[in-house]
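Since the structure comes first, as structure tokens, the remarks are kept for the end.
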Amino acid sequence: MIKNQSLKLLLVALSLSVSSCAVFQPDKKKQDVASKPEKEEKNGGLKPYNKVITKDAKSDQGLFTVHKVDNDYFYEIPDSLFNREMLTVTRIAKTASGIGFGGGKQNTQVHRWQKKGDKVLLRVVSYEVYAADTLPVHEAVVNSNFEPIIQSFDVKTVGKDSINKTTVINVTDLYTKDVQALGLQDRNRKQYKVSRLDESRSFIDTIRSYPENIEIRHIKTYNAGEPPSNESTGSISMEFSNSMILLPKEPMERRYFDERVGWFTSEQTDYGLEAQKSETVEYLDRWRLEVREEDMEKFKNGELVEPKEPIVYYIDRATPEKWRPFIKQGIEDWQVAFEEAGFKNAIIAKDAPTVEEDPDWSPEDVRYSVVRYLASPIPNANGPHVSDPRSGEILESDINWYHNVMTLLRNWFFVQTAAINEDAQNVEFKDEVMGRLIRFVSSHEVGHTLGLPHNMGSSVAYAVEDLRDPEFTQKFGTAPSIMDYARFNYIAQPEDGDVALMPNIGPYDKYAIKWGYRPIPEKTGKEEKPILDEWILEHAGDPMYRFGRQQSGGVIDPSSQTEDLGDDAMLASEYGIKNLKRIVPNLIKWTAADGKDYDDLDDLYGQVLSQYNRYMGHVAANIGGVYEYYKTYDQEGPVYFHVTAEKQQRAMDFLQEQLFDTPEWLINQDIFNKIEFDGNIERVRGMQQRTLNDILDFGRMARLMENEEINGKDAYSLLDMMTDLRKGIWSEVYSGQSIDRYRRNLQRAYIERMEHLMTEEQDEIPSRWRSRISRSNLDVSQSDIRPVVRGELKNLERQIKNSLYSSGDTLTRYHLQDVLERIDLILNPMG
């Protein structure tokens, strides 16, 4: 029994021993599986930090620490930055031909990173509607302004620092998947018929972190039905730049907009105002220029003081050395304007540090505003800025300076001043001449980055004859604002002497900078409004201080046009044409060089034609023109009023004489036989037709009818205009003369346009442009337009029939017989 019991005990012991050995490995696995949660429980069930951010990770510290592990990118977000607002600006960084341009903005959104348990949400914050959080209506605004979620991320791990807590998420998909807010916008998708993103050809290029911003570059390839270039690929590839910028904790005090002073603005619909409706409030986009506390008494006493933080622009390292001083001068030219606002040294230009001086310096760092020199064939420059939508504070600005802006400057300066200026009588300018032109453009673009839009109403402030006066122009330049498109002095004549050729920072610019930037101590944005109004009223009625907006979709106000000079378009254009007549005979000489072809001759002859067409547009805008002069209730006089009948009549007479009577001086066979095998006849027809169609525009005709209804016999009426046009274009029919080929083409263009007026309706403005385009609208079929057109055609028909056989010219008779057939088809269309 004992033996048996001992045996049993031995077997049990052996069994336990064997079992222990036999199940050791499985038990260890169980323990490992069970032990992992024990280790990870310290991090809330997450992986250890070093299992996510491995020793091979490439890390970049900044606003967030960015880690690259193999092909994945991770953000390590300080918990203190959750729920802070960040502005994300999406731009095209690189693009294919026909798809925008490098630097072109695609989207701007305020984002908020929000932690919810084991998730991180990226949300869109809207500031389009608002109510102060102290008001009951604030809750309703919040409830109707729920923040959309762009993407949700799993928390991968948390940082090792228990005091400065951080959260780690994988953001690779945010920049490689098709997130529309950070890539191609809907309007372009429709335009190019984009079907989907090809993820196999989309990837992250770089993510760089700086103290106040993160810069992301990613390449996206979209399958597209109608790519604008490289059609054989059936796709478009673009490199996008996303700039994520931390917004200030405390927004800057707003300054509220007034349309009498031009300014770029931000806006909100404010439901917390006392008005019995929701109102949109607009406030200026401007830099935060503040007076130091220790200098406040000096400032109040009228002394100039330096701001706490000046506006500093760095000149890109890529900028050619010889142009840097001129670009810097253009920037610092604005110091005189800031002196009007009470500041000295408020705007400063610096060279970017060399790599040796500061290897970490980058133009993408939001702390630096940079004039960026781009190797691009685009003949342009532009000055965008990034602003805080809560306050309008400009946070950063990069001026894009394209290499070929010099070609644009050469063309403008040549065609507008070569008749009186030896420095422009060549296709290659001296460095000091080109440098002065670069300085001019630099000043203009910097003005945009300070908050100033184009002021197209500035250039009409000066009398035409004053622009021929050396003393006046040397003092005042060619316009009161460098923000107008008042390029160069095309009015001055060779006998006028040493006139100024371009604008400088002028009276309007100084006034606008004072109005937008001069601090008004101890006043809130709303409290300072009466003082700002007083500053405006001090200059009310003075054309030097008038703002005229840039018009889109056609010119209604002839005093607010691009590229014009002086207070009388007819007289200014007459002087301009005299100078073009001096240039054309010299084009071959001024573009000649042994061993080169005639491309420059072709180019600059084209510039002459373009300038001539501008003059025609400046004049035509007076017909049916309506002036727009912004005013408030405490100012007398209308905001809108019609151009006088006398001025409209002069405009019509000018066009008949300078354009519709064939401009023989433009027809130069010595030039044509070097640049083309044909095309001159068609070129003249095209110029004439363009202006003719512009005159016979539905909107212009609507304004003529309204003018007559308001002003009666004092108006230049629709009938007056149509009669003058008919008698001028068809003058040979009334005089019995032969009609040459140029005039026959013009007359057929007239008939075709009359047919258009009889059969077509006014084009509809696409919905996305309606807020940006000003146009006179009417129902054509229910207006007087078609009865008037019908009457004009019948008058012309009778006159042609009376004079058809009075001319012995066979081609003239054939032409007039054809015209009668065309008129009959318009008046009696076949069923």
Legend entry - Options 441, 415: the member that is of a type in the set (A, V, I, L, M), more than 25 Å from the chain's Cα centre (by Cα) and part of a helix (DSSP H, G or I): 415
Inset, instruction - Take the residues in the stretch 781-807 that are touching a residue at least 40 places away in the same chain (Cβ under 8 Å) and in a loop (DSSP other than H, G, I, E, B), then tell me which one is farthest from residue 736 (Cα to Cα). - result: 783
Inset, instruction - Please tell me if residue 239 is in contact (Cβ under 8 Å) with a residue 12 or more places away in the chain, more than 24 Å from residue 521 (Cα to Cα) and of a type in the set (Asp, Glu). - result: yes
Inset, instruction - Please tell me if residue 634 is at pLDDT 95 or above, part of a loop (DSSP other than H, G, I, E, B), of a type outside the set (Gly, Ala, Ser) and more than 28 Å from residue 682 (Cα to Cα). - result: no
Legend entry - Odd one out for residue 677 among (1) outside any loop (DSSP other than H, G, I, E, B); (2) free of Cβ contacts under 8 Å to residues at least 40 places away in the same chain; (3) more than 33 Å from the chain's Cα centre (by Cα): (1)
Inset, instruction - Kindly provide the set of residues from the stretch 468-495 that are of a type in the set (Ser, Thr, Tyr), part of a loop (DSSP other than H, G, I, E, B) and at pLDDT 95 or above, ordered by number. - result: 478, 481, 490
Legend entry - Test: residue in the stretch 550-563 that is in contact with a His (Cβ under 9 Å, 6 or more places away or on another chain), within 30 Å of residue 669 (Cα to Cα) and outside any helix (DSSP H, G or I): yes
Legend entry - Of all residues in the stretch 374-389 being within 20 Å of residue 324 (Cβ to Cβ) and either out of contact with any Asp or Glu (no Cβ under 8 Å at 6 or more places or on another chain) or at pLDDT 85 or above (or both), the one that is surrounded by the fewest Cβ atoms within 10 Å (Cβ to Cβ): 375
Inset, instruction - Under 9 Å between Cβ atoms, at least 6 apart or on separate chains: pull out the pairs that start in the stretch 654-666 with a residue that is touching a residue at least 12 places away in the same chain (Cβ under 8 Å) and end on any residue that is hydrophobic (A, V, I, L, M, F, W, C) and assigned to a loop (DSSP other than H, G, I, E, B). - result: 655/623
Inset, instruction - Determine whether residue 770 is modelled with pLDDT of 95 or more and basic (Lys, Arg). - result: no
Legend entry - Subset of the stretch 795-831 (residues that are among the charged types (D, E, K, R), farther than 12 Å from residue 733 by Cβ and in contact with a helix residue (DSSP H, G or I) (Cβ under 7 Å, 6 or more places away or on another chain)): 822
Legend entry - Unmet requirement for residue 707, which otherwise passes all of (1) in a loop (DSSP other than H, G, I, E, B); (2) at pLDDT 95 or above; (3) not basic (Lys, Arg): (1)
Inset, instruction - Write out, first by first residue and then by second, each pair whose Cβ atoms fall under 6 Å of each other, whose residues are 6+ apart or on separate chains, and whose first residue, in the stretch 612-637, is within 27 Å of residue 584 (Cβ to Cβ) while the second is charged (D, E, K, R). - result: 614/563; 618/564; 620/694; 622/647
Legend entry - One residue from 574, 628, 646, 664 being touching a strand residue (DSSP E or B) at 6+ places or on another chain (Cβ under 7 Å) and among the acidic types (Asp, Glu): 628
Legend entry - Filter result for residue 150 (at negative phi, assigned to a strand (DSSP E or B) and touching a Phe, Trp or Tyr at 6+ places or on another chain (Cβ under 8 Å)): no
Legend entry - Check on residue 637, over 26 Å from residue 598 (Cβ atoms), buried (at least 19 other Cβ atoms within 10 Å of the Cβ) and under 35 Å from the mean Cα position of the chain (by Cα): no
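The values are calculated or read from the model by the stated rules, or taken from the named source; none is laboratory data. If you're wondering where the values come from, they're calculated on a predicted model, not measured in any experiment. With ideal geometry, Cβ positions are generated from the backbone for all residues, glycine too; neighbour counts draw on all protein chains shown.
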